[in-house]
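Structure first, then comments.
The values are calculated or read from the model by the stated rules, or taken from the named source; none is laboratory data. Everything quoted here is computed from the prediction, not taken from an experiment. Neighbour counts run over all protein chains shown; Cβ positions are idealised from the backbone, glycine included. The area values use the complete protein model at the heavy-atom level, side chains included, leaving out ligands, DNA and RNA. Shrake-Rupley method; radii C 1.70, N 1.55, O 1.52, S 1.80 Å.
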Amino acid sequence: LVASLEQVDESYIMVKPDGVQRGFVGEIISRFERKGFKLKGLKLFQCSKELAEEHYKELKAKPFFPKLVDYITSGPVVCMAWEGVGVVASARKLIGSTDPLQAEPGTIRGDLAVQTGRNIIHGSDSPENGKREIALWFNDGELVEWNPAQAPWLR
Ligand code: RTP
Ligand code: MG
């Protein structure tokens, strides 16, 4: 338990094209800020078919894979890297179940979506995939190391 309390992870969070089109970018960023995680990277991005396929490569054999790639490439996404203690597992809770009809009210999908194929947001499913996905979607120069506790404007 002590180890898990000290485990600082990184999660790749992405507002999918329908989330961007429906105007939920601010709402989604706000939920992660309010929880207390730290933003390390953020961009609006039109992703290629190749990148979408690489991102979801573990699902390549699924029947819905081609539709999933079409969905993710159908418009711009908002890419985010969030850091914090237990951020990967906590983000999955904030996001809710894959099928928005099964997602609890209060979760992002539970509050804002109805279809599995239009579930507005992605979150990494393990700390290992968090690192893999952040490296896949961001260039080194796009990630910022900073300390929110530093407030030089008050001095
Ligand atoms: P994500 O990776 O996007 O955060 O979603 P997830 O972990 O909750 O679900 P996952 O199993 O990784 O599936 C990735 C995305 O594929 C679409 N999907 N469609 N039966 C279907 O038609 C189906 N199942 C999954 C969803 O957009 C899901 O988020
Ligand atoms: Mg997943």
### Task
Check off (1) of a type outside the set (Ser, Thr, Tyr); (2) on the phi > 0 side of the Ramachandran plot; (3) in contact (Cβ under 8 Å) with a residue 12 or more places away in the chain for GLY106 and give me the number that stays unchecked.
(3)
### Task
State whether one or more residues within segment 7-23 are assigned to a helix (DSSP H, G or I), more than 19 Å from PRO100 (Cα to Cα) and open to solvent by 30 Å² or more (accessible area, probe 1.4 Å).
no
### Query
With respect to GLU104, is the statement that it is away from ligand 1 (no atom under 11 Å from the Cβ) and touching a Lys or Arg at 6+ places or on another chain (Cβ under 6 Å) true?
no
### Message
Cβ-Cβ under 8 Å, sequence separation 6+ or interchain: first residue in segment 49-77 and within 12 Å of PRO17 (Cβ to Cβ) and free of Cβ contacts under 8 Å to residues at least 60 places away in the same chain, partner open to solvent by 20 Å² or more (accessible area, probe 1.4 Å) and of a type in the set (S, T, N, Q). Which pairs?
### Response
ALA52/THR73; THR73/GLN46; THR73/SER48; GLY75/GLN21; GLY75/GLN46; PRO76/GLN46
### Query
Given GLU33, GLU54, which one is in a helix (DSSP H, G or I), open to solvent by 50 Å² or more (accessible area, probe 1.4 Å), within 15 Å of ligand 2 (Cβ to nearest atom) and modelled with pLDDT of 95 or more?
GLU54
